[in-house]
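Attaching a single structure in structure tokens format; questions to follow.
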Ligand code: TMP
């Protein structure tokens with residue numbers, strides 16, 4: 001059956017989502033728009049949408065092979081992908097292997113400390129509240145997720161970390177930290193959703209430590225497009 005795009009359901013900071021003629025599938029369209037600090041800083045990263053779409057699809061396929069269920073169905077074009085329609089769990093799930101960003105700031109430590117084991121944290125996905133940190137008890141209390149869902153999300157997130165850490169090391173990249181989002185399918189199962197890209201991960205060159213991710217935009221480090229292009233080259237050769 002041919003699947004066609006129908007009405008736009010949602011426009012986020014970096015993506016648009018469209019309904020399709022199949023009620024269980026939606027089309028995600030990746031934009032070049034970039035924001036940081038909850039939309040306070042705005043810009044364009046030329047070509048970012050293509051990089052994020054293709055990289056995210058590649059990584060989701062890899063994760064599927066390793067037994068992690070995801071929303072990914074089929075890449076339709078450079079910027080558009082067919083995914084399963086899910087209800088997004090209102091949690092941003094952050095895994096860290098090395099200190100950086102808000103972790104370094106919150107605990108008053110330098111960036112680059114390698115942790116003995118990875119950390120996990122949740123924030124409540126709510127722009128009006130600036131995505132406040134949230135623990136599992138808070139999430140259960142507020143009905144954001146059930147205890148069972150949280151346990152599943154935790155084990156899936158650590159599994160994603162193991163798979164991606166090894167994969168990125170193989171292409172000369174340190175996976176410092178990243179943010180994941182999960183969705184509920186109509187039959188109530190948890191799958192990995194959203195994207196995995198230089199927008200949502202910190203990538204440091206394994207040799208030089210050069211930043212190859214959105215921190216170049218957030219921190220005005222220059223050569224933002226070059227970093228995205230370099231990550232694309234590492235992944236696709
Ligand atoms: P943080 O150190 O600012 O908390 O970021 C941790 C990771 O999460 C980093 O890889 C960037 C990613 N991230 C997002 O994908 N979206 C966000 O809104 C934020 C704040 C971070």
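Could you tell me how far the Cα centroid of region 1-43 sits from the Cα centroid of region 148-186, in Å?
22 Å
What FRET efficiency comes out for the pair residue 105/residue 61, r = Cβ-Cβ distance, R0 = 35 Å, nearest 0.05? Intermediate values should be presented prior to the final figure.
Numbers: r = 34 Å, r/R0 = 0.98.
Calculated value: 0.55.
How much length is gained on full extension from residue 11 to residue 218, taking 0.36 nm per residue of separation minus their Cα-Cα distance?
72.4 nm
Region 95-143 to region 62-77: how many Å between their Cα centroids?
Rounded to whole Å, the Cα centres lie 26 Å apart.
Could you rank the peptides 151-157, 108-114 by their average count of other C-beta atoms within 10 Å per residue, with the highest value first?
151-157, 108-114
Quick one: compute the contact order of region 161-237, relative version, from alpha carbon pairs under 8 angstrom and 6+ residues apart, as a percent. Spell out each step's value before the answer.
Values: 98 pairs, mean separation 17.4, N = 77.
Contact order relative to length: 23 percent.
Could I ask something else about it? P(r) for the chain, please, calculated from all Cα pair distances in 5 Å bins and given in %.
1, 6, 14, 18, 20, 19, 13, 6, 2, 0, 0, 0
When only C-alpha pairs under 8 Å and at least 6 residues apart count, what is the relative contact order of region 1-59, in percent?
Working: 86 pairs, mean separation 13.4, N = 59.
It comes to 23 percent, rounded to a whole number.
Express the relative contact order of region 120-210 as a whole percentage, based on alpha carbon pairs under 8 Å and six or more residues apart in sequence.
Numbers: 90 pairs, mean separation 17.4, N = 91.
Relative contact order of region 120-210: 19 percent.
Now for a separate question. Based on the mean of other Cβ atoms within 10 Å per residue, sort peptides 189-195, 40-46 so the most packed one is first.
On the way: 189-195: 21.7, 40-46: 13.0.
Top to bottom by mean Cβ count within 10 Å: 189-195, 40-46.
Also, quick follow-up: Nearest 500 deg cm²/dmol is fine: what mean residue ellipticity at 222 nm does the chain get from its DSSP H runs of n ≥ 4 alone, each adding -39,500 (n - 2.57), divided by its residue count?
Values: 6 runs with 72 residues, N = 237.
Value at 222 nm, helices only, nearest 500: -9500 deg cm²/dmol.
Could you calculate the FRET efficiency of residue 140 with residue 171 from 1/(1 + (r/R0)^6), where r is the beta carbon distance between them and R0 is 41 Å, rounded to 0.05?
Efficiency for this residue pair is about 0.60.
The numbers here are math on the coordinates, done by the rules we state, and not lab data. Everything quoted here is computed from the prediction, not taken from an experiment. Counting neighbours? That spans all protein chains shown, and the Cβs are built from the backbone with ideal geometry, glycine included.
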